[in-house]
Amino acid sequence: MTVKDNEVKIRRYFDFDFYEKTQDFYKVVDNISKTIRESINYHKIGDVEVGAFLSSGVDSSYIVSVAKPDKTYTIGYGLDKYSEIDYAKDLTNFLGVNNTSIKLGSKEYIKSVPKILYYMDEPICDPSAISLYFIAKRASKDVNVILSGEGADEIFGGYNTYKEELNLELYNKIPYLIRHILAIFFSKLPEFKGRNFIIRRGRKLKDQYIGVSRLCYEREVNKIMSYENIIDNKLITANIFKEFKNKNDIIKMQAIDMKFWLVRNILLKADKMTMANSIEARVPFIDKEVFNVAKSLPENYKISKTETKIAFRNSAKKDIPNNAYEKRKLGFPVPIREWMKEDDIYNEIKETIKQEFVKEFFNQDYVLKLLEDHKKGRRDNYKKVWAVYCFIKWYEVFFINT
């Protein structure tokens, strides 16, 4: 915004666009490598020591391999398949840098939910936000600035959802009208494995894609809520689909995820959870020059039927000394799914849902059935139940316990 002679002018500082340009793959990889190295080194500049978060994935491993900070931080859990500590130690041993890890238990995790939601300001239900708070708290004892790997998935094509467009080419050869009729029919049936796939593939992308981490479809939203859902998701995303109407579906999904998931979840939680611990998070992948390299990548430089972030991973391979550059994406590496089946966590969530004021918002009987089915292993309902639980705890913090 500029103000001159009482005249106010507002212009957008930066907006993004994606397009595909024919390019030599190896030159692209070299260019990505050069630009990312410059960005990481630029984000290290400061008068204080800079550390880094480190998981087992390619993004944070790439940053740590280039930056080589003296201090790195990793969080894990008691359940081995969710813990990334051993992978992180393997990389830092290669690089000769320090790694501090903490293990978060279910009781400490669930007890912290109200405090985390207070810092978040809004009822975000991303399980990793709580883990991020604890690892930021530990890092803040040593450093004032931390490097973090957000943004690479959206910019370079890192989500498994994007691969679906290639893996389902055979299914998509079924005429759309037939797929659409099947979607309508199966949407009226109880949930079962594969049901959402049929529904998803029987709708146009603009009618069903609202982001990489959708919880459920409208029909079940109306069952969960105590009143009819009045939000039309298509209206929220319509302008972006209109803006990118001439692009392929991969680019459309990237645009939606950048505008919504990246800004309103990924960066939101990173910013607030680090600020809650008086520590500054810097995100080298979300740099204008990095995006300028990524915006023109052909589709096959982003994804294949078996890989994501293809050009990015090949770039990372130049700097990462172990095989972290090829490790598959874990999604939400927080064991909420298992913890919710433990009696103490199950009972805490159950009693929270049963409170009288909850009737104003949710169909308690239906949500309690979702919880019960999850505990007994009938359905994997943890994301839906966790979303309801987080909203209730957020409501308690800001409207009940004030």
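The values are calculated or read from the model by the stated rules, or taken from the named source; none is laboratory data. Keep in mind the model is a prediction, meaning the values are calculated, not measured. Using ideal geometry, Cβ is built from the backbone for each residue, glycine included, and neighbour counts are taken over all protein chains shown. Note: areas computed on protein heavy atoms with side chains; ligands, DNA, RNA excluded. Shrake-Rupley method; radii C 1.70, N 1.55, O 1.52, S 1.80 Å.
Based on DSSP H segments of at least four residues, each scored -39500 (n - 2.57), the chain has a per-residue ellipticity at 222 nm of -13500 deg cm²/dmol. Taken along the Cα-to-beta-carbon direction at a fixed 7 Å, the label points for LYS4 and ASN93 span 6.2 nm. The HN-Hα couplings worked out from phi for region 350-363 by the Karplus form 6.51 cos²θ - 1.76 cosθ + 1.60 (θ = phi - 60°) are 4, 5, 5, 5, 7, 4, 4, 5, 5, 4, 4, 10, 10, 7 Hz, whole numbers, x standing for Gly and Pro.
Among THR35, GLY78, PHE16, flag the residue with its Cα farthest along the positive direction of the charge dipole of region 1-159, charges on Cβ as +1 for Lys/Arg and -1 for Asp/Glu. Of the listed residues, the answer is GLY78. With all protein chains kept in place, the per residue accessible area of the chain amounts to 51 square angstrom at a probe of 1.4 angstrom.
Amide H contacts of GLY76 (H built 1.01 Å from N, in plane; Pro and chain starts excluded): ILE102, LYS103, LEU104 sit under 5 Å, all sequence-distant by 5 or more or on other chains.
Accessible surface for LEU262 stands near 10 Å², nearest 10, in the context of the full protein assembly shown (1.4 Å probe).
Basic side chains Lys and Arg get +1 at the Cβ, acidic Asp and Glu get -1 at the Cβ, and with that the dipole of the chain about its Cα centre reaches some 1040 debye. Ranking SER315, GLY46, ASN222 by how far each Cα lies toward the positive end of the dipole of the chain (charges on Cβ) leaves ASN222 at the top.
Between PHE362 and SER226, the built amide H atoms are under 5 Å apart, and every one of these is 5 or more places off in sequence or on another chain.
Sorting 176-184, 272-280, 63-71 by their mean Cβ neighbour count within 10 Å, with the most densely packed peptide first, gives 63-71, 272-280, 176-184.
Can you find, among LEU132, ASN99, ASN144, the residue farthest towards the positive end of the dipole of region 92-146? Put +1 on the C-beta of Lys and Arg, -1 on that of Asp and Glu. Farthest towards the positive end: ASN99. Derived scalar couplings between HN and Hα for region 201-214 equal 7, x, 10, 5, 4, 5, 8, 9, 8, 10, x, 6, 10, 5 Hz in order, rounded to whole Hz, by the Karplus curve 6.51 cos²θ - 1.76 cosθ + 1.60 (θ = phi - 60°), x for Gly and Pro. Overall, the anisotropy analysis places region 216-307 in the oblate class: the square-rooted eigenvalues a ≥ b ≥ c of its C-alpha gyration tensor yield a/c not less than 1.5, with a/b not exceeding b/c.
Between ARG282 and ILE146, LEU147, SER148, the built amide H atoms are under 5 Å apart, and every one of these is 5 or more places off in sequence or on another chain.
Which of rounded, prolate, oblate describes region 185-234, given a ≥ b ≥ c as roots of the alpha-carbon gyration tensor eigenvalues and a/c under 1.5 marking rounded, otherwise prolate only if a/b is larger than b/c? Walk me through the numbers on the way to the answer.
Details: a/c = 1.80, a/b = 1.14, b/c = 1.57.
Note, shape of region 185-234 comes out oblate.
Placing +1 on each Lys and Arg Cβ and -1 on each Asp and Glu Cβ, with no other charges, gives region 184-270 a dipole about its Cα centre of roughly 260 debye. The listed residues TYR26, TYR82, TYR119, TYR62 rank as TYR26, TYR119, TYR82, TYR62 when sorted by accessible area, largest first, using a 1.4 Å probe. Starting from the Cα of GLU49, move 7 Å in the Cα-to-Cβ direction to define the label point; list residues of region 268-289 whose amide nitrogen is under 14 Å from there. Residues passing the 14 Å test: none. Charge tally for LYS21 (other residues, Cβ to Cβ under 14 Å; Lys, Arg +1; Asp, Glu -1): 0. Each label point was placed 7 Å from the Cα along the Cα-to-Cβ direction; for GLU326 and ARG12 their separation is 4.0 nm. Note that region 37-45 has calculated 3J(HN,Hα) couplings of 4, 4, 5, 4, 5, 5, 6, 7, 5 Hz, one per residue in order, obtained from phi through the Karplus relation 6.51 cos²θ - 1.76 cosθ + 1.60 (θ = phi - 60°); glycine and proline are x.
With the highest mean first, a sort of the peptides 42-48, 233-239, 290-296, 53-59 on other beta-carbon atoms found within 10 angstrom per residue produces 53-59, 290-296, 233-239, 42-48.
Quote the charge dipole size of region 184-233 about the Cα centre in Debye, to the nearest 20; the model charges only the Cβ of Lys and Arg (+1) and of Asp and Glu (-1). The calculation lands at about 340 debye. The distance from the alpha carbon centre of region 157-223 to that of region 383-402 is 29 Å, rounded to a whole number.
Over all other residues within a Cβ to Cβ distance under 12 Å of TYR171, the charged ones net out to +1, with Lys and Arg as +1 and Asp and Glu as -1.
Would you mind pulling out the separation of the Cα centroids of region 1-67 and region 122-146, in Å? Going from one Cα centre to the other spans 22 Å.
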